Amino acid sequence: MKHRLAERTKVIGMTKIEESLRIIEQHPDIISLGAGEPDFPAPPNVIKSAEKFLERGYTHYSPLQGRLELREELVKKLKKDNGIHANPDEIIVTCGSKEAILLTVLSLVNPKEEVVIPDPGYIAYRPIVELIGGIAKSLPLREEDGFEVHPEILKKSITRKTKLIIINTPSNPTGTVLSKKILEEVADIAIDKNLMIMSDEAYEKLIYDNSKHVSIGSLNGMQDRVITIQSFSKTYAMCGFRVGYAVANTDLIKEMKEFKICTTLAAPTFAQLAAVEALKNSSNYTKMMLKQYDRRRKLIVKRLNEIPRMSCTVPKGAFYAFPNIKNYKMSSDKFSDFLLKKAKVVGIPGTEFGKYGEGYIRFSYVTAYKRLVEALNRIENSLRKL
Ligand SMILES: Cc1ncc(COP(=O)(O)O)c(C=O)c1O
């Protein structure tokens with residue numbers, strides 16, 4: 001039977017990421033550098049805590065806005081780590097930060113209004129904006145600027161219809177960490193044009209070298225204008241627990257809370273309680289993961305830069321490398337197909353992250369060191385034969 005589907009089903013097509021997942025399942029000899037989640041399990045104390053709460057009967061719904069003990073712990077964390085002074089009413093706990101992004105856009109954007117999104121940028125922004133009838137306007141991020149936001153380009157992307165600017169630091173897919181100076185310029189633009197900013201900080205703890213994560217919501221006068229989005233997924237390898245949150249002014253949080261009735265109602269209760277344990281007692285686990293990622297990051301950047309015709313800027317955050325492959329005179333899509341076929345390695349074409357991702361490919365390094373070495377050997381060998 002042919003279903004008469006809604007028009008909005010056309011907004012979201014099959015992504016290359018899903019396609020690769022399907023191929024990897026069928027071919028165990030393929031090495032995936034496509035994943036977007038830690039290869040580490042959740043910290044043992046977090047798992048124990050989840051078990052304990054499940055055994056104690058915490059199997060019911062939680063309040064729409066999230067459990068108070070978690071929001072109270074987040075108040076302390078936001079103050080200490082991010083310089084954001086919020087109270088529990090200004091926080092909503094969500095099913096992963098992905099839901100927080102959806103609730104933000106639902107609460108702020110009318111059909112036909114514009115949202116500036118980073119390009120290349122996280123794959124979910126465009127479909128979420130378009131699903132609700134908004135217009136996603138690409139903000140080109142250029143390699144020559146280290147994939148930072150260029151304030152003049154940002155100004156040009158803003159029109160009378162713009163409502164919201166989305167920024168993401170550290171960035172998926174480029175690994176760029178936005179500097180305080182750039183964030184201050186973005187903040188000035190938002191104030192000048194009377195716009196809101198959604199700051200996606202899902203990778204805030206995955207920062208290398210001497211870089212520093214700055215939350216734009218902590219800058220002077222920005223607290224009411226910024227929705228800060230953070231997550232337990234990457235910091236504590238808790239992707240499957242589905243706990244994220246948004247921090248914003250109480251009026252906005254109230255609206256987001258109302259939309260929760262139509263989305264997930266609440267994040268899983270036991271997972272929220274285990275998240276409290278993560279905040280209190282798992283920072284060493286994050287440090288352990290970060291050390292491993294850093295070792296792999298150094299390896300991948302060095303090896304990619306040794307391959308003729310490829311160049312890779314040094315990512316300062318997250319767990320992705322985003323090399324330039326323009327000298328191969330192949331589209332990103334073709335390049336990724338080539339690697340899959342000849343090297344048996346999955347990389348995600350830059351165009352999956354927006355049209356300005358053309359000429360790049362994303363490799364994640366959430367893969368054991370030895371396997372990463374093998375993947376890089378295969379990539380290099382296949383490209384040297386070209
Ligand atoms: C930039 C960015 N934001 C948000 C998310 C959503 O993560 P979660 O919903 O698990 O918190 C991801 C996941 O890959 C991401 O890369």
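The values are calculated or read from the model by the stated rules, or taken from the named source; none is laboratory data. Not measured: the values here are computed from a predicted model. Cβ: placed from backbone, ideal geometry, glycine included. Neighbour counts: every protein chain shown.
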Exercise. Can you give me the number of residues within the stretch 247-265 that are touching a Ser or Thr at 6+ places or on another chain (Cβ under 6 Å) and either within 17 Å of E73 (Cβ to Cβ) or free of Cβ contacts under 8 Å to residues at least 60 places away in the same chain (or both)?
Key: 1
Practice problem: Could you tell me whether any residue of the stretch 165-182 is modelled with pLDDT of 95 or more, out of contact with any Phe, Trp or Tyr (no Cβ under 8 Å at 6 or more places or on another chain), under 18 Å from E352 (Cα atoms) and not assigned by TED's automatic domain parsing to the domain that holds G359? | Solution: yes
Quiz item: Given Y328, Y320, which one is modelled with pLDDT of 95 or more and within 25 Å of the chain's Cα centre (by Cα)?
Solution: Y320
Quiz item: Hey, any hits in the stretch 47-54 for a residue that's more than 19 Å from Y236 (Cα to Cα) and among the aromatic types (F, W, Y)?
Solution: no
Quiz item: Which residue pairs have Cβ atoms under 6 Å apart, sit 6 or more places apart or on different chains, and have a first residue in the stretch 148-167 that is crowded, with 18+ Cβ neighbours inside 10 Å and a second that is of a type in the set (G, A, S)?
Solution: I167/S199
Quiz item: Looking only at the stretch 189-222, which residues are touching a helix residue (DSSP H, G or I) at 6+ places or on another chain (Cβ under 7 Å), part of a loop (DSSP other than H, G, I, E, B) and surrounded by 23 or more Cβ atoms within 10 Å (Cβ to Cβ)?
Solution: A202, L206
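Out of the residues in the stretch 1-21 meeting the condition of being charged (D, E, K, R) and surrounded by fewer than 11 Cβ atoms within 10 Å (Cβ to Cβ), tell me which one is farthest from the ligand (Cβ to nearest atom). It would help to see each step written out before you state the result.
As a first pass, look at the stretch 1-21 and keep what is charged (D, E, K, R): 2, 4, 7-8, 10, 16, 18-19.
So of that shortlist, the ones also surrounded by fewer than 11 Cβ atoms within 10 Å (Cβ to Cβ) come out as 2, 4, 7, 10, 18.
Numbers: K2: 34, R4: 31, E7: 26, K10: 23, E18: 14 Å.
Among those that are charged (D, E, K, R) and surrounded by fewer than 11 Cβ atoms within 10 Å (Cβ to Cβ), it is K2.
Among the residues of the stretch 352-385, how many are in contact (Cβ under 8 Å) with a residue 24 or more places away in the chain and assigned to a helix (DSSP H, G or I)?
Pass one, the stretch 352-385, residues in contact (Cβ under 8 Å) with a residue 24 or more places away in the chain: 352-369, 371-376, 378-385.
Imposing the further condition that a residue be assigned to a helix (DSSP H, G or I) reduces the set to 352-353, 355-357, 369, 371-376, 378-384.
So the count comes out to 19.
Kindly evaluate Q230 against the criterion of being assigned by TED's automatic domain parsing to the domain that holds S97 and either among the charged types (D, E, K, R) or more than 16 Å from the ligand (Cβ to nearest atom) (or both). Working first, answer last.
Values: assigned by TED's automatic domain parsing to the domain that holds S97: yes; either among the charged types (D, E, K, R) or more than 16 Å from the ligand (Cβ to nearest atom) (or both): no.
The answer is no for Q230.
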Practice problem: May I ask you to verify whether P41 is within 16 Å of the ligand (Cβ to nearest atom) and under 28 Å from Y125 (Cα atoms)? | Solution: yes
Quiz item: If you scan the stretch 178-195, which residues turn out to be under 19 Å from N82 (Cα atoms) and away from the ligand (no atom under 13 Å from the Cβ)?
Solution: S179, K180, K181, I182, L183, E184, E185, V186, A187
Quiz prompt | Unique match (being part of a helix (DSSP H, G or I), outside the structural domain of P120 (by TED's automatic domain parsing), away from the ligand (no atom under 16 Å from the Cβ) and in contact (Cβ under 8 Å) with a residue 40 or more places away in the chain) among D333, D337 | solution = D333
Quiz item: Within the stretch 114-137, restricting attention to residues that are surrounded by fewer than 18 Cβ atoms within 10 Å (Cβ to Cβ) and not hydrophobic (A, V, I, L, M, F, W, C), which residue is nearest to the ligand (Cβ to nearest atom)?
Solution: P127
Quiz item: Say we look at the stretch 79-113 and pick out the residues that are more than 16 Å from the ligand (Cβ to nearest atom) and of a type in the set (A, V, I, L, M); which of these is surrounded by the most Cβ atoms within 10 Å (Cβ to Cβ)?
Solution: I84
Exercise. Tell me, please, whether a residue that is in the same structural domain as P88 (by TED's automatic domain parsing), surrounded by fewer than 22 Cβ atoms within 10 Å (Cβ to Cβ) and over 26 Å from A42 (Cβ atoms) can be found in the stretch 238-249.
Key: yes
